[in-house]
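The values are calculated or read from the model by the stated rules, or taken from the named source; none is laboratory data. The structure displayed is predicted, hence computed values, not measured ones. Glycine gets a Cβ as well: all are built from the backbone with ideal geometry, and neighbour counts include every protein chain shown. Accessible surface is based on the protein model in full, side chains and every heavy atom, while ligands, DNA and RNA are left aside. Shrake-Rupley method; radii C 1.70, N 1.55, O 1.52, S 1.80 Å.
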Amino acid sequence: MGVDLHVHSTASDGSATPTRLVELAGEAGVGTLALTDHDTQEGWEEARRAAQATGLDLIPGVELSLEYEGGMHLLVLWLEPGPGPLQDRLEWLRLQRDERNTRILDNLRQHDLVVTAEDLMEEAGGGSVGRPHIAAVMVAKGYVPDISTAFDIWLARGRPGYSTRPRLAPAEAIGLARESGAVPILAHPHTLGINRAEDMARQLEELRGYGLIGLEAIYAAYHRHEREGYIDLARRFGLVPTGGSDYHGSYKPGIGLGVGYGDLEVPETVVDELAAHIG
Ligand code: AMP
Ligand code: ZN
Ligand code: FE
Ligand code: FE
């Protein structure tokens, strides 16, 4: 059976409901699926109910953006929904996100691109609202041809619409994840923007020191040689090489749940290796 450990639902910036994700897993032959919405576990109950009728092994998770020069995202798997050390911080993160979104809309308005809070609410339908929702409204209004262009011109770090937000530091997030009994994984490591092998080595040593367990080596967007490189890197630093599609439905066109761009293959053994670290 297939494995996909990185997927977004309508609870954050995915276009498929939690119920639909479970259906898509069935269609793709995925037997193990992790729900990793940004900063929220709101999709969990619905996904769990949908998965009850199927044989799907569903893992509760989240994806967090961390305080770091480049882009550092952390996947936290087997995070038990409800109160807990990390769980209790999620609401604060969503508040920071909402305030950041308001600043982005203000920035865009300076450039005569009008996206209102109501437009954004309508697009996102509540939950954890993010830049892909803003991008989708910009596409709908004809300001940009597609979501990717909205990021490239307006929304990416350093572009005129961008605004940052307070995030958890890597040590804090990884520590809280472990205290919560969950399993922290460094997502899509290329976004760290580290080119030199020795710099990457230093960074991974540091994160492992905080309690990092896995490295997302088998990422949909990576070519075969990149995946092999990251698998070797993970093993060298005692990290479990994991994988996922980062499925977002229409917000990231071309990526299929469980299959990525068609060649995603995450071994089932990875799930057991990770599960051995559940606290
Ligand atoms: P936010 O969490 O609101 O900061 O938005 C981050 C999300 O935007 C990421 O998880 C991706 O889903 C998406 N994203 C980031 N960069 C791009 C890009 N260049 N093109 C398309 N989507 C992107
Ligand atoms: Zn996203
Ligand atoms: Fe990410
Ligand atoms: Fe993601």
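Worth pointing out:
- Residue match in the range 101-111 (condition: within 16 Å of ligand 1 (Cβ to nearest atom), touching a residue at least 60 places away in the same chain (Cβ under 8 Å) and within 24 Å of His133 (Cβ to Cβ)): yes
- Selection within the range 147-156 - open to solvent by 70 Å² or more (accessible area, probe 1.4 Å) and closer than 18 Å to Val114 by Cβ: Ile153
- Of all the listed residues (Arg159, Arg167), the sole one being out of contact with any Leu (no Cβ under 9 Å at 6 or more places or on another chain), open to solvent by 10 Å² or more (accessible area, probe 1.4 Å) and either in contact (Cβ under 8 Å) with a residue 24 or more places away in the chain or on the phi < 0 side of the Ramachandran plot (or both) is Arg159.
- Qualifying residue in the range 142-153 (condition: among the small types (Gly, Ala, Ser), touching a helix residue (DSSP H, G or I) at 6+ places or on another chain (Cβ under 6 Å) and closer than 25 Å to Thr17 by Cβ): yes
- Residues of the range 97-114 classified as among the polar types (S, T, N, Q) and exposed (fewer than 14 other Cβ atoms within 10 Å of the Cβ), total: 2
- First in the range 247-270 and within 25 Å of Val137 (Cα to Cα) and touching a residue at least 24 places away in the same chain (Cβ under 8 Å), second anywhere and among the acidic types (Asp, Glu) and outside any loop (DSSP other than H, G, I, E, B), Cβ under 8 Å, 6 or more apart: Tyr247/Asp4; Leu257/Asp4
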